[in-house]
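*Asks:* Structure provided below as structure tokens; questions to follow.
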């Protein structure tokens, strides 16, 4: 498993514990385990925004398919946008979660090199967003709640994507999902990058995993624009306020979903379980609303985004 810079001391302590166990030195094991627990708590209690970004991008962090495999009891994958092709950076499944019939739509980055190329590194083309909307409309037709799993550095900016209407596809999703007549929950599980994330981010409930990020632009892109220097990404990360805690304070997300203290990549099962519990609890609440109440609450939620101060 990849070790981040700020985790090196923790990793060294884990290695020392392994050596002590091999030697049978129970006293050393006990002492080191206490030191390890203290170091983990200290490190992860004081993470900087940039360190949280590193966790959100961790190569071993669970992806949409990892979550789907763990939370859906029965599932069937749906393909294609019925206009151009099947974009595999967006995955769509119909099935059940603890007996709750639903649809799950997620952005998938891919794990190994071959899979990353197949998934286009989680950067959807317009046909990916059109596939997501087609399946969302199918869910609406059969009154099925929808779970969106957001994880993308951004929509694909290639020439072909622009020729096929990338911006229109994203805008169409924002418009259609804002008025879809079925309960929706959207969760950022890793990176939530710009319009690529917003395209499946309009929902009745919008939440983020504790170490995920959500931003209008990547910190590297921001640094390049403002200072012409990618190396200032850490400064840009702090200025952008992209962490779950900062966005919750600003009222831009509804909830923060807990993940293992060392990050979701340390325990896929626990992370998936937390996501499942959150989704089911929110759907139970949303299903009590009439269609009119559902749409009105969603409208009011987005209308109240943002704030201003009057100055003399």
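The values are calculated or read from the model by the stated rules, or taken from the named source; none is laboratory data. What you are looking at is a predicted structure, and each value in this text was computed from that prediction instead of being measured. Here Cβ is always computed from backbone atoms with ideal geometry, including for glycine, and neighbour counts include all displayed protein chains.
*Asks:* Go through 312, 277, 248 for me and flag whichever is surrounded by fewer than 16 Cβ atoms within 10 Å (Cβ to Cβ) and either within 15 Å of the chain's Cα centre (by Cα) or under 14 Å from residue 212 (Cβ atoms) (or both). Steps first, please.
*Replies:* Details: 312 fails: either within 15 Å of the chain's Cα centre (by Cα) or under 14 Å from residue 212 (Cβ atoms) (or both); 277 fails: either within 15 Å of the chain's Cα centre (by Cα) or under 14 Å from residue 212 (Cβ atoms) (or both).
248 is the lone residue from the list that is surrounded by fewer than 16 Cβ atoms within 10 Å (Cβ to Cβ) and either within 15 Å of the chain's Cα centre (by Cα) or under 14 Å from residue 212 (Cβ atoms) (or both).
*Asks:* So residue 182 passes all but one of these: (1) within 20 Å of residue 254 (Cβ to Cβ); (2) modelled with pLDDT under 95; (3) more than 12 Å from the chain's Cα centre (by Cα). Which condition number does it fail?
*Replies:* Failed condition: (2).
*Asks:* Here are the criteria: (1) free of Cβ contacts under 8 Å to residues at least 40 places away in the same chain; (2) loosely packed, with under 13 Cβ neighbours inside 10 Å; (3) not in a helix (DSSP H, G or I). Tell me which single one residue 18 does not satisfy.
*Replies:* Of everything listed in (1) free of Cβ contacts under 8 Å to residues at least 40 places away in the same chain; (2) loosely packed, with under 13 Cβ neighbours inside 10 Å; (3) not in a helix (DSSP H, G or I), residue 18 misses just condition (3).
*Asks:* Kindly indicate whether residue 91 is surrounded by 15 or more Cβ atoms within 10 Å (Cβ to Cβ), in contact with a strand residue (DSSP E or B) (Cβ under 9 Å, 6 or more places away or on another chain), in the same structural domain as residue 184 (by TED's automatic domain parsing) and without any contact (Cβ under 8 Å) to a residue 40 or more places away in the chain.
*Replies:* Numbers: surrounded by 15 or more Cβ atoms within 10 Å (Cβ to Cβ): yes; in contact with a strand residue (DSSP E or B) (Cβ under 9 Å, 6 or more places away or on another chain): yes; in the same structural domain as residue 184 (by TED's automatic domain parsing): yes; without any contact (Cβ under 8 Å) to a residue 40 or more places away in the chain: yes.
In short, yes.
*Asks:* Still on this structure: Within the group 127, 83, 74, which residue is at pLDDT below 95, more than 29 Å from residue 286 (Cα to Cα) and over 17 Å from the mean Cα position of the chain (by Cα)?
*Replies:* On the way: 127 fails: at pLDDT below 95; 74 fails: more than 29 Å from residue 286 (Cα to Cα).
The match here is 83.
*Asks:* Next question. Any residue at all in region 189-201 that is assigned to a helix (DSSP H, G or I), over 17 Å from the mean Cα position of the chain (by Cα) and under 24 Å from residue 241 (Cα atoms)?
*Replies:* Quick first cut of region 189-201, residues assigned to a helix (DSSP H, G or I) only: 194-198.
Cutting the leftovers down to over 17 Å from the mean Cα position of the chain (by Cα) gives us none.
No, the conditions are met nowhere in region 189-201.
*Asks:* Return the pairs, sorted by first residue and then second, in which the second residue is in a loop (DSSP other than H, G, I, E, B) and crowded, with 21+ Cβ neighbours inside 10 Å, the first residue lies in region 62-75 and is in contact (Cβ under 8 Å) with a residue 40 or more places away in the chain, the beta carbons are less than 8 Å apart, and the residues are 6+ apart or on different chains.
*Replies:* 63/108; 63/109; 64/108; 65/108
*Asks:* Which numbered condition trips up residue 186, out of (1) surrounded by 16 or more Cβ atoms within 10 Å (Cβ to Cβ); (2) touching a helix residue (DSSP H, G or I) at 6+ places or on another chain (Cβ under 8 Å)?
*Replies:* All conditions are met except number (2).
*Asks:* If the requirement is being surrounded by fewer than 21 Cβ atoms within 10 Å (Cβ to Cβ) and more than 18 Å from residue 111 (Cβ to Cβ), which of these qualifies: 78, 53?
*Replies:* Values: 53 fails: surrounded by fewer than 21 Cβ atoms within 10 Å (Cβ to Cβ).
Exactly one residue qualifies, and that residue is 78.
*Asks:* Across region 225-259, what is the total count of residues that are over 25 Å from residue 305 (Cβ atoms) and out of contact with any helix residue (DSSP H, G or I) (no Cβ under 9 Å at 6 or more places or on another chain)? Please lay out each step first, then the result.
*Replies:* Here is the first cut: in region 225-259, the residues over 25 Å from residue 305 (Cβ atoms) are 227-235, 259.
With out of contact with any helix residue (DSSP H, G or I) (no Cβ under 9 Å at 6 or more places or on another chain) added as a condition, the list becomes 228.
So the count comes out to 1.
*Asks:* Within region 105-121, track down each residue that is without any contact (Cβ under 8 Å) to a residue 40 or more places away in the chain and buried (at least 18 other Cβ atoms within 10 Å of the Cβ). I'd like the intermediate steps shown before the answer.
*Replies:* To start, the set of residues in region 105-121 that are without any contact (Cβ under 8 Å) to a residue 40 or more places away in the chain comprises 112-121.
Selection gives 119, 120.
*Asks:* Please state which one of 41, 11 is touching a residue at least 60 places away in the same chain (Cβ under 8 Å) and over 19 Å from the mean Cα position of the chain (by Cα).
*Replies:* After ruling out the rest, the residue left standing is 41.
Condition check ((1) more than 26 Å from residue 6 (Cβ to Cβ); (2) touching a residue at least 40 places away in the same chain (Cβ under 8 Å)) across all residues:
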site: 164; (1), (2): yes, yes
site: 171; (1), (2): yes, no
site: 193; (1), (2): no, yes
site: 216; (1), (2): no, no
site: 222; (1), (2): no, no
site: 238; (1), (2): no, yes
site: 249; (1), (2): no, no
site: 259; (1), (2): no, yes
site: 264; (1), (2): no, yes
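*Asks:* Can you find even one residue in region 202-210 that is under 17 Å from residue 53 (Cβ atoms), at pLDDT below 95, part of a loop (DSSP other than H, G, I, E, B) and touching a helix residue (DSSP H, G or I) at 6+ places or on another chain (Cβ under 9 Å)? Explain how you work it out, then say what you get.
*Replies:* To start, the set of residues in region 202-210 that are under 17 Å from residue 53 (Cβ atoms) comprises 208-210.
When the remaining residues are screened for being at pLDDT below 95, the result is none.
No, that holds for no residue.
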